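Have a look at the structure below before the remarks.
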Ligand SMILES: [Zn+2]
């Protein structure tokens, strides 16, 4: 599967002047183009292991498919986490006429589902599909502004019978992901793709590993690429139960305010404004001492920070925080426009600065600092 997605990634970058020399650009395209609905992260896992294994002291797995790559063997246990899964669905039912209903996985808007291209990963490989839309020529006037509920949505694979669908290698339970290949957005520093949530975090794991491969640090670092975050932080929980971290750092996407229609209290970040630090989300509160440590480290490295309070948001940090007696955590994010949709946008400078920040954090952490961060004695 990997070779196919690599080919697609390279095709979509054809003609881009950076493509030849920018290794990171190629890696980002590979990661976001790979299909990885929750519970079906195989292609992403394959990529992550390919990238991480040569730089790791060892690579292990939890029992549901998360990857844990380790660097170093002594010192405090620092868990750096990003999830591999993306929003998607599974095929639910095939009708006699050859249409497919879909069980959505993760937090979708109903209005994001119609008239989109999708890829179904069947037993014979990828199958292209489109979610149909009502034809305006037969729709009543009041339908023109209506949001169609997900129960009414179906996938069309071009088949005219259930037998033809079966012959394509599709059966109920097969994963479905958005079809929205990576592009550099019109020569800007902004990149358009599906699945930035949370492949951008996965990419940070890889780049921080690369920076620290030949750099000494005082910790055992566990880079956890987890599964099934979008349906309940499941891989974050299972991976953390193996790692038993002293400190947890979750890497995620941040929510921006710099698009039309966002109200003042809803979101705080702007694209290109630097890494974000969550001060609140619905699933976890960060350690105040750890946030102070992030601020101090960022200031020392001249990295700008943004701060987030998002109510409708959960992240793996919440699962890490509650494991094995508890660990101080912080959720660090790369500002992203249009998360949980087919087409999201990130800014390259935000990514590069996040790699700088996480590298600086894990380099600066040591046993006395971790002991101080974990000390609650009055
Ligand atoms: Zn996420």
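Taking the residues in the stretch 73-89 that are within 16 Å of the ligand (Cβ to nearest atom) and in a loop (DSSP other than H, G, I, E, B) as candidates, determine which candidate is surrounded by the fewest Cβ atoms within 10 Å (Cβ to Cβ).
87
If a residue has to be over 18 Å from residue 180 (Cα atoms) and surrounded by 18 or more Cβ atoms within 10 Å (Cβ to Cβ) to count, how many in the stretch 123-153 make the cut?
The number of residues fulfilling the criteria is 2.
Of everything in the stretch 32-48, what is farther than 19 Å from residue 234 by Cβ and in a loop (DSSP other than H, G, I, E, B)? Give them in sequence order. Steps first, answer last, please.
Applying the first criterion (farther than 19 Å from residue 234 by Cβ) to the stretch 32-48 yields 32-34, 46-47.
Scanning the stretch 32-48 gives a single hit, 34.
Starting from residues that are within 21 Å of the chain's Cα centre (by Cα) and part of a loop (DSSP other than H, G, I, E, B), keep the ones in the stretch 90-122 and report whichever is surrounded by the fewest Cβ atoms within 10 Å (Cβ to Cβ).
In the first step, residues of the stretch 90-122 are kept if they are within 21 Å of the chain's Cα centre (by Cα); the result is 90, 103-110, 112-113, 116-121.
With part of a loop (DSSP other than H, G, I, E, B) added as a condition, the list becomes 106-109, 113, 116.
Numbers: 106: 18, 107: 13, 108: 16, 109: 10, 113: 23, 116: 18.
If we take residues in the stretch 90-122 being within 21 Å of the chain's Cα centre (by Cα) and part of a loop (DSSP other than H, G, I, E, B), then 109 is surrounded by the fewest Cβ atoms within 10 Å (Cβ to Cβ).
Name the residues in the stretch 136-161 that are within 30 Å of residue 174 (Cα to Cα) and part of a loop (DSSP other than H, G, I, E, B), would you? Can you show your working first?
Keep residues of the stretch 136-161 that are within 30 Å of residue 174 (Cα to Cα), which gives 146-161.
Selection gives 146, 147, 148, 149, 153, 154, 157, 158, 159, 160, 161.
For residue 75, state whether it is at pLDDT 95 or above, over 22 Å from residue 221 (Cβ atoms) and either in contact with a helix residue (DSSP H, G or I) (Cβ under 9 Å, 6 or more places away or on another chain) or not assigned by TED's automatic domain parsing to the domain that holds residue 342 (or both).
No, not satisfied.
To keep it simple, each residue is scored yes or no on (1) in contact with a helix residue (DSSP H, G or I) (Cβ under 9 Å, 6 or more places away or on another chain); (2) within 18 Å of residue 360 (Cα to Cα).
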{"residue": "264", "(1), (2)": "no, no"}
{"residue": "268", "(1), (2)": "no, no"}
{"residue": "277", "(1), (2)": "yes, yes"}
{"residue": "299", "(1), (2)": "no, yes"}
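Inside the stretch 319-336, can you point out the residues that are on the phi < 0 side of the Ramachandran plot and surrounded by fewer than 21 Cβ atoms within 10 Å (Cβ to Cβ)?
322
Tally time: how many residues in the stretch 295-353 are more than 14 Å from the ligand (Cβ to nearest atom), at pLDDT 95 or above and closer than 30 Å to residue 179 by Cα?
Qualifying residue count for the region: 11.
Could you list all residues from the stretch 242-278 that are buried (at least 16 other Cβ atoms within 10 Å of the Cβ), under 18 Å from residue 326 (Cα atoms) and away from the ligand (no atom under 16 Å from the Cβ)?
Hits for the stretch 242-278 are 242, 243, 245, 246, 247.
Which is away from the ligand (no atom under 16 Å from the Cβ) and in contact with a helix residue (DSSP H, G or I) (Cβ under 9 Å, 6 or more places away or on another chain), of 211, 234, 199?
Details: 234 fails: away from the ligand (no atom under 16 Å from the Cβ); 199 fails: away from the ligand (no atom under 16 Å from the Cβ).
Unique residue meeting the criteria: 211.
Where the second residue is part of a helix (DSSP H, G or I) and surrounded by 10 or more Cβ atoms within 10 Å (Cβ to Cβ) and the first is at positive phi and lies in the stretch 125-146, which pairs have Cβ atoms under 9 Å and are six or more apart or on separate chains?
125/4
The values are calculated or read from the model by the stated rules, or taken from the named source; none is laboratory data. Every value quoted in this text rests on a predicted model; they were computed, and no experiment measured them. Please note: Cβ atoms are built from the backbone with ideal geometry, for glycine as well, and neighbour counts cover all protein chains shown.
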